[in-house]
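Comments concern the structure below.
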Amino acid sequence: MNKPVIVSEETSTPPVVVQDATPGLAAKTAIKAAAVGPAYVVLTGISFSHFLNDTMQSLIASVYPILKDAYALDYSQIGMITLAFQFTASLLQPVVGHFTDKKAQPFSLAIGMGFTFFGLLLLSVAHLYPIILVAAALVGLGSAVFHPESARIARLASGGRYGMAQSVFQLGGSFGTSMGPVLAALIVVPFGQPSIAWFSSIAFLAIVILWRIGAWYKPQIVTKKSAAVERHPDLPDSRRVKIALAVLVALLFSKQLYVSSLSSYYIFYLIDKFQVSTQAAQFYLFLFLAANAAGAFFGGPLGDRFGRKYIIWFSILGALPFTLALPYAGLAGSAVLTVFIGLILSSATSSIIVFAQELMPHRFGMISGVFFGVAFGIGGLGAAVLGKLADHTGIAFVYHLCAFLPALGLLAVFLPKMPRHVR
């Protein structure tokens, strides 16, 4: 898996346009991409890099019990670590996306991974709470640089199958996130905080792969001068686009805040309610995160086939019965319910992101950055707020409250119907 990414002429795709383009040009590019087909080597490479990136990021939440015990942290301080990590990613991703819309940076992915590399090294030796926050923020900065441009590369290599490409890309990240608790249980818990430094080797491997992908990406770039955009008559008008984007943000809010409640505090919930060990709780968290990864993979192709709006409806509202039942379930029942919640809820991710990209295709990088950034920001801010709430009311009350979040899926009724040629 650590071989260089080499792309032959057969797998290459049409050039990417990094400035505003006319709808005619975008349509021609999509037609050519569909004719060539997906560049599977590139999709595999960018998905594997996403796996490595999110594996390292998930270590932060996975070592919370170690940091909590070692430095006598409360839930509010744990939430602030998540906020420090997520805030840098949330704040900078739209900025990075807007910049790369104007001027693509093919090697920025490898450079961004360097921030994650140094963040992990710093976290492994940090003995002061402020230093832990700085280390978490550095890992978040690496994520801010990684996501917008890597999403563009996934779309460029899609061959016109945008939902499938986004799902393959999301699969790598979701599977990487699910591996964090397992690696923490097997390595960090037995060997302690200094063992986090071992994972910097993963960051170095990702830097090598992303540099090779950047070498493939560079000749695909064609700079175009801005041109007046004439909207296709079947596309929603600007007012409906704004409403749809607001709805998609709200739907992402309901999904991501619930996922954040599980990824940040589910370990403590299991320990508090069922008195399981920290290592056992890590494996229960892995079940949810692995189901989350599987759902993210299937959501995109189903959106390509049946329409993204219908998948969004099913994914958000479909999880509601399971989230409502979770606070009342036993240990085995909780494990089963979180698997269903992860499978159903995460299938919305690819459809939400691709739907937003199709609403504003001439601002692809910025939209990708906004939605990835909103996801990170909601997760970080939500983790901090939920941590404060848990300190005052108990961790069980948090899950009673969060159980109603998927009901926001009803807002999907306000999403416009997209033309078939866009999907």
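Points to keep in mind about this one:
- For residue 185, the test of being assigned to a helix (DSSP H, G or I), in contact (Cβ under 8 Å) with a residue 60 or more places away in the chain and surrounded by fewer than 23 Cβ atoms within 10 Å (Cβ to Cβ) is passed.
- Among all positions in region 36-51, there is at least one residue which is in contact with a Leu (Cβ under 7 Å, 6 or more places away or on another chain) and open to solvent by less than 10 Å² (accessible area, probe 1.4 Å).
- Flag: residue 257 does not match the condition of being at pLDDT below 85, surrounded by fewer than 21 Cβ atoms within 10 Å (Cβ to Cβ) and of a type in the set (A, V, I, L, M, F, W, C).
- Test: residue in region 93-104 that is within 20 Å of the chain's Cα centre (by Cα), within 30 Å of residue 262 (Cβ to Cβ), at pLDDT below 80 and open to solvent by 40 Å² or more (accessible area, probe 1.4 Å): yes
- Within region 62-83, being aliphatic (A, V, I, L, M) and more than 17 Å from residue 191 (Cα to Cα) holds for 72, 73, 78, 80, 81, 83.
- Region 119-136, residues that are in contact with a Ser or Thr (Cβ under 8 Å, 6 or more places away or on another chain) and within 28 Å of residue 217 (Cα to Cα): 120
- Listed by first and then second residue, the pairs linking a residue in region 252-279 that is in contact (Cβ under 8 Å) with a residue 24 or more places away in the chain to a residue that is outside any helix (DSSP H, G or I) and open to solvent by less than 30 Å² (accessible area, probe 1.4 Å), with Cβ atoms under 8 Å apart and 6 or more places separating them unless they lie on different chains, are 258/319; 270/276; 272/394.
- Among the residues here, residue 112 does not qualify as without any contact (Cβ under 8 Å) to a residue 24 or more places away in the chain, on the phi < 0 side of the Ramachandran plot and open to solvent by less than 10 Å² (accessible area, probe 1.4 Å).
- Taken over region 191-206, the criterion of being surrounded by fewer than 20 Cβ atoms within 10 Å (Cβ to Cβ) and under 15 Å from residue 138 (Cβ atoms) is satisfied by 197, 200.
A quick yes/no check of all residues on (1) among the small types (Gly, Ala, Ser); (2) outside any helix (DSSP H, G or I); (3) modelled with pLDDT of 80 or more:
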{"residue": "321", "(1), (2), (3)": "no, no, yes"}
{"residue": "338", "(1), (2), (3)": "no, no, yes"}
{"residue": "374", "(1), (2), (3)": "no, no, no"}
{"residue": "407", "(1), (2), (3)": "yes, no, yes"}
{"residue": "410", "(1), (2), (3)": "no, no, yes"}
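The values are calculated or read from the model by the stated rules, or taken from the named source; none is laboratory data. Bear in mind the structure is a predicted one, so any value in this text is a computation, not a measurement. So basically every Cβ, Gly included, is an ideal-geometry build from the backbone, and we count neighbours across all protein chains shown. Protein only, heavy atoms only, side chains kept; ligands, DNA and RNA dropped before computing areas. Shrake-Rupley method; radii C 1.70, N 1.55, O 1.52, S 1.80 Å.
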